[in-house]
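Q: Quick one: this structure, given as structure tokens, is what I'll be asking you about.
The values are calculated or read from the model by the stated rules, or taken from the named source; none is laboratory data. The shown structure was predicted, so the numbers you read here are calculated from the model rather than taken from an experiment. In this analysis, Cβ positions are derived from the backbone assuming ideal geometry, glycine residues included, and neighbour counts consider all displayed protein chains. All accessible areas refer to the heavy atoms of the entire protein, side chains included, with ligands and DNA or RNA removed. Shrake-Rupley method; radii C 1.70, N 1.55, O 1.52, S 1.80 Å.
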Amino acid sequence: MPVVSTRELVGTAVAAGTGVAAFNVITLEHAEAVAEGAERAGRPAVLQISENAVRFHGGRLAPIAAATLAVARASTAPLALHLDHVVTPELLEAAPGEGFGSVMFDASALPYEENLAVTARMTAYGHRHGVWVEAELGRVGGKDGEPPPGAHTPGVRTDPDEAAAYVAKTGIDALAVAVGSSHAMTERTAALDHGLIARLRAAVPVPLVLHGSSGVPDHEIRAAIAAGMVKINVGTALNTAFTGAVREYLAAHPRAVDPRKHLVPAREAMAGTVAGFLGLLPG
Ligand code: G3H
Ligand code: ZN
């Protein structure tokens, strides 16, 4: 089916009081698994490629973007293409030409004023090219091997008043917030600050995005959506499923050499994980 946009999926989810899950794509098998899981669950989904994944592909966006776009077009599920955690302006500028309807520009490592200034510039660029722009305020943390921030670390959680001003001044379409989740968790033990989610929801006029959802238990994800989170980003859970299946196959078949033999269970495991997360969404 034709590729849909994140703007459309998020808008429909907001109107229906539900969420949209967005899954990180690293390899072709990830994209195929997201499409398969979305078809099985009868749900739309966002396929997102991070700047780190682009770096893994030798810094070349076009091949993995084209493959992911082709998977989305061949699927019977409504799928959108999103460029995630972009820190390099030139990569954001390449997004519209490679079929991305949305981008997350991540200046969250910068001091507030610098984050605001560069995000406003990148948002204006995105909007001139019809791209929906997400940005982050606060620090979800845990990316690139960085240790997860402590629950009481100052400046980590997103401040509602600062968030309202940031959204007004940057013109972004969605805000990624730090409310207790952390990237790259392999155990689902994160506890979210639901009071803060409610305060952010009341203060911020654009949809809120939960990053690091792999580490968030089912009931916390459901509660976060009920409190106003809309886009639910999942990455590591797919890799845990992929690598676990490969490890199991190779342990049982130590002489195997054909990658298709272990990639089939790996892709199947990821599709099951995708369908599981999609099954958490209300509506
Ligand atoms: O932007 C991507 C997500 O925040 C993925 O985080 O790998 O911890 O699920 P995760
Ligand atoms: Zn993230």
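Q: From the residues in the stretch 26-46 that are assigned to a helix (DSSP H, G or I) and of a type in the set (A, V, I, L, M, F, W, C), which one is surrounded by the fewest Cβ atoms within 10 Å (Cβ to Cβ)?
A: L28
Q: Within the set of pairs 6+ apart or on separate chains, which have a first residue in the stretch 123-137 that is within 15 Å of E90 (Cα to Cα), a second that is among the charged types (D, E, K, R) and part of a strand (DSSP E or B), and C-beta atoms under 8 Å apart?
A: Pairs that qualify, where the first residue is within 15 Å of E90 (Cα to Cα) and the partner is among the charged types (D, E, K, R) and part of a strand (DSSP E or B): there are none.
Q: Looking at E90, is it open to solvent by 10 Å² or more (accessible area, probe 1.4 Å), free of Cβ contacts under 8 Å to residues at least 12 places away in the same chain and in a helix (DSSP H, G or I)?
A: Considered against the rule, which asks whether it is open to solvent by 10 Å² or more (accessible area, probe 1.4 Å), free of Cβ contacts under 8 Å to residues at least 12 places away in the same chain and in a helix (DSSP H, G or I), E90 comes out as yes.
Q: So which of D84, D144 ends up being touching a helix residue (DSSP H, G or I) at 6+ places or on another chain (Cβ under 9 Å), within 16 Å of ligand 1 (Cβ to nearest atom), at positive phi and touching a residue at least 60 places away in the same chain (Cβ under 8 Å)?
A: Answer to the check: D144.
Q: Just one of (1) buried (at least 18 other Cβ atoms within 10 Å of the Cβ); (2) among the basic types (K, R); (3) more than 13 Å from ligand 2 (Cβ to nearest atom) trips up K143, so point out which.
A: Every listed condition holds for K143 apart from (3).
Q: Right, something else. Just to be sure, is H219 assigned to a helix (DSSP H, G or I), surrounded by fewer than 14 Cβ atoms within 10 Å (Cβ to Cβ) and not hydrophobic (A, V, I, L, M, F, W, C)?
A: For H219, the condition - assigned to a helix (DSSP H, G or I), surrounded by fewer than 14 Cβ atoms within 10 Å (Cβ to Cβ) and not hydrophobic (A, V, I, L, M, F, W, C) - is met.
Q: I need the full set of residues from the stretch 32-50 which are farther than 14 Å from S102 by Cβ and either away from ligand 1 (no atom under 15 Å from the Cβ) or acidic (D, E) (or both), in order please.
A: E32, A35, E36, A38, E39, R40, A41, G42, R43
Q: Is it the case that A245 is surrounded by fewer than 22 Cβ atoms within 10 Å (Cβ to Cβ), of a type in the set (A, V, I, L, M) and assigned to a helix (DSSP H, G or I)?
A: Yes; evaluated as a whole, the condition is true for this residue.
Q: Hey, another quick one. Please count how many residues of the stretch 195-216 are outside any helix (DSSP H, G or I) and either among the aromatic types (F, W, Y) or within 14 Å of ligand 1 (Cβ to nearest atom) (or both).
A: 6
Q: Hey, could you check the stretch 248-260 for residues that are part of a loop (DSSP other than H, G, I, E, B) and touching a helix residue (DSSP H, G or I) at 6+ places or on another chain (Cβ under 9 Å) and say which is farthest from R222 (Cα to Cα)?
A: Filtering the stretch 248-260 for residues that are part of a loop (DSSP other than H, G, I, E, B) and touching a helix residue (DSSP H, G or I) at 6+ places or on another chain (Cβ under 9 Å), the one farthest from R222 (Cα to Cα) comes out as A256.
Q: Of the residues L238, L281, L263, only one is in a loop (DSSP other than H, G, I, E, B) and buried (at least 18 other Cβ atoms within 10 Å of the Cβ); which?
A: Answer to the check: L281.
Q: Does the stretch 76-89 include one or more residues that are out of contact with any Ser or Thr (no Cβ under 6 Å at 6 or more places or on another chain) and among the charged types (D, E, K, R)?
A: no
Q: Can you tell me which residue in the stretch 222-233 is most open to solvent (accessible area, probe 1.4 Å), limited to those that are touching a residue at least 40 places away in the same chain (Cβ under 8 Å) and assigned to a helix (DSSP H, G or I)?
A: Per the criteria, the residue is R222.
Q: Does L210 satisfy being within 16 Å of ligand 2 (Cβ to nearest atom) and open to solvent by less than 40 Å² (accessible area, probe 1.4 Å)?
A: Against the criterion (within 16 Å of ligand 2 (Cβ to nearest atom) and open to solvent by less than 40 Å² (accessible area, probe 1.4 Å)), L210 qualifies.
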